[in-house]
1. On average, how much area does the Cα convex hull of region 27-80 cover when viewed from any direction, in nm²?
2. Sort 58-67, 44-53 by packing, meaning the average of other beta carbons within 10 Å per residue, with the highest value first.
Amino acid sequence: MSDAPDISEVYRFPVGDMSWGTMSKIIEDLVSSSTNDVHAAVYHGYDLNGAQDKACANILMAYNYLERWLDAHREKLDGEPF
């Protein structure tokens, strides 16, 4: 396990209490924002390094949110009797 901080701690909210529909929309928004930034940098001459940094941060945040949501959902399922 890494000692690196969880980037989703910066924008921490109770992802475990969310429905899957809400979580999937958050992930879609983060990925869409990332691809739009890279597209703008490639096709419109914006800062490619900045777009890459932002895209990587968004995708890592989406990964961390998803991991936390799955952990919470797994715990909820493990606590059910059947």
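1. Mean projected area of the Cα convex hull: 3.5 nm².
2. My ranking of the peptides, most packed first, is 58-67, 44-53.
Rule-based calculations on the coordinates, nothing more; no lab input. Small disclaimer: the values here were computed from a predicted structure and weren't measured. For neighbour counting, all protein chains shown are included, and Cβ atoms are generated from backbone atoms with ideal geometry for every residue, glycine included.
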